[in-house]
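Quick notes on the structure that follows.
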Amino acid sequence: MKADASPAAQVTVIVPTTAELSRRMEIGRCLDSIRASSTLPVKIIVVVNGRRYDEGVCAWLRVQPDVRYAYVHMPSAPNAVWEGRRMVDTPYFSMVDDDDEYLPGATDLRLAALRERPDADLVVTNAYRRFEGVDALLYHHLAQVQREPLAMLFEANWLTNGNALYRADSVGPEYFADYQPYAEWTWLAFKLGLAGKTIVTLEQPTFRVHVTGGSLSQSDAYFEFYLSLYQQMLAADPPPAIARLVRRHLSGAQQDHSVRALGRGRWREALDWHWRSLRQPGGLQYLSYTRHFLRPPLRLPRTS
């Protein structure tokens with residue numbers, strides 16, 4: 001029998017999905033985009049999570065010749081990514097959400113960048129953000145990320161679900177184990193920066209994220225999570241300059257909570273959040289907002 005001369009896959013792409021019937025077309029588009037992203041074989045690990053899956057979609061995924069299928073009960077994309085990361089057996093890996101897509105040649109471009117820089121732990125690329133059929137460039141500051149990854153994280157999160165390729169032997173499963181329910185890529189970027197990982201950046205877009213009205217990043221829970229995220233960052237004992245940046249953002253998040261609470265008639269809660277924000281670095285910029293608390297809210301007298 002003739003030996004298989006095809007080259008071994010160097011890259012694994014992890015795809016977390018709920019495998020719902022309504023997402024069948026998006027999942028197919030995502031897998032096709034992964035295949036078109038490289039001239040070499042690419043391993044695909046699809047991790048179905050939760051119980052909203054469609055049996056037909058799962059059956060279709062199982063028969064894909066280049067897909068390794070896995071299922072986990074927990075309905076969590078970050079947990080599915082971690083489970084997928086534990087299954088990686090190639091020198092490089094990446095991931096992408098099931099409703100997003102790689103651009104043609106994306107994997108080859110990223111792989112070439114890492115091979116040119118043996119000291120680099122990951123490459124981060126630009127991307128397109130598509131909303132209502134229109135593409136907009138996602139990043140405008142990637143060149144500075146190589147020099148100051150932690151500081152630039154507080155300008156805009158430079159890491160997202162599909163814009164990076166990681167070297168497997170230096171970005172292990174442990175980086176994905178203590179995932180967060182929201183803002184998981186911000187937290188991962190912070191940990192990579194804090195660990196001193198060497199990051200290469202490419203201005204060329206290799207990825208398209210499709211934005212919808214129901215995205216988690218637009219939910220109240222996502223908004224509120226940033227308070228605990230900033231506290232976690234401070235607990236990780238970052239350098240003093242970075243800690244100050246975290247506290248400035250914490251002040252802004254606390255002030256946002258004050259505004260939201262006041263808008264919902266929760267006067268005392270709003271005052272508490274406002275007071276907390278004033279005590280953080282940069283908090284005095286919100287001092288003029290104090291006028292909203294100089295007179296207690298009007299309370300109507302009780303009637304018998």
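The values are calculated or read from the model by the stated rules, or taken from the named source; none is laboratory data. Values in this document were obtained by computation on a predicted structure and should not be read as measured data. Backbone-built Cβ (ideal geometry, glycine too); neighbour counts: all protein chains shown. Heads up: the accessible areas ignore ligands, DNA and RNA and are worked out on the full protein's heavy atoms, side chains in. Shrake-Rupley method; radii C 1.70, N 1.55, O 1.52, S 1.80 Å.
Summary table below
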{"read-out": "Per-region count, the stretch 67-82, residues open to solvent by 50 Å² or more (accessible area, probe 1.4 Å) and in a loop (DSSP other than H, G, I, E, B)", "value": "3"}
{"read-out": "In the stretch 83-112, residue surrounded by the fewest Cβ atoms within 10 Å (Cβ to Cβ) [restricted to those that are more than 19 Å from the chain's Cα centre (by Cα) and part of a helix (DSSP H, G or I)]", "value": "112"}
{"read-out": "Answer from 123, 171 - the residue that is under 26 Å from residue 76 (Cα atoms), in a strand (DSSP E or B) and open to solvent by less than 10 Å² (accessible area, probe 1.4 Å)", "value": "123"}
{"read-out": "The stretch 179-229, subset hydrophobic (A, V, I, L, M, F, W, C) and more than 16 Å from the chain's Cα centre (by Cα), residue modelled with the lowest pLDDT", "value": "227"}
{"read-out": "Residues that are of a type in the set (Asp, Glu) and either closer than 16 Å to residue 202 by Cα or touching a strand residue (DSSP E or B) at 6+ places or on another chain (Cβ under 8 Å) (or both), drawn from the stretch 128-175", "value": "135, 148"}
{"read-out": "Any hit, the stretch 131-147, residues being assigned to a loop (DSSP other than H, G, I, E, B), out of contact with any Ser or Thr (no Cβ under 7 Å at 6 or more places or on another chain) and of a type in the set (Asp, Glu)", "value": "yes"}
{"read-out": "Which numbered condition residue 139 misses (of (1) loosely packed, with under 14 Cβ neighbours inside 10 Å; (2) of a type outside the set (A, V, I, L, M); (3) within 17 Å of the chain's Cα centre (by Cα); (4) over 20 Å from residue 98 (Cα atoms))", "value": "(1)"}
{"read-out": "Sole residue being more than 24 Å from residue 76 (Cα to Cα) and out of contact with any His (no Cβ under 7 Å at 6 or more places or on another chain), chosen from 142, 165, 188, 159", "value": "142"}
{"read-out": "Count of the stretch 267-288 residues which are touching a helix residue (DSSP H, G or I) at 6+ places or on another chain (Cβ under 6 Å) and either hydrophobic (A, V, I, L, M, F, W, C) or in a helix (DSSP H, G or I) (or both)", "value": "9"}
{"read-out": "Selection count, the stretch 267-277, where residues are farther than 16 Å from residue 227 by Cβ and either crowded, with 17+ Cβ neighbours inside 10 Å or at pLDDT 80 or above (or both)", "value": "2"}
{"read-out": "Members of the stretch 184-216 found to be surrounded by 20 or more Cβ atoms within 10 Å (Cβ to Cβ) and small (Gly, Ala, Ser), listed by number", "value": "189, 193"}
{"read-out": "Where residue 52 falls short, out of the listed (1) in a loop (DSSP other than H, G, I, E, B); (2) open to solvent by 20 Å² or more (accessible area, probe 1.4 Å); (3) in contact (Cβ under 8 Å) with a residue 60 or more places away in the chain", "value": "(3)"}
{"read-out": "Matching residues in the stretch 16-49 - criterion: being in a helix (DSSP H, G or I) and among the small types (Gly, Ala, Ser)", "value": "22, 28, 33"}
{"read-out": "Subset of the stretch 7-37 that is among the hydroxyl-bearing types (Ser, Thr, Tyr) and buried (at least 22 other Cβ atoms within 10 Å of the Cβ) - its residue that is farthest from residue 114 (Cα to Cα)", "value": "17"}
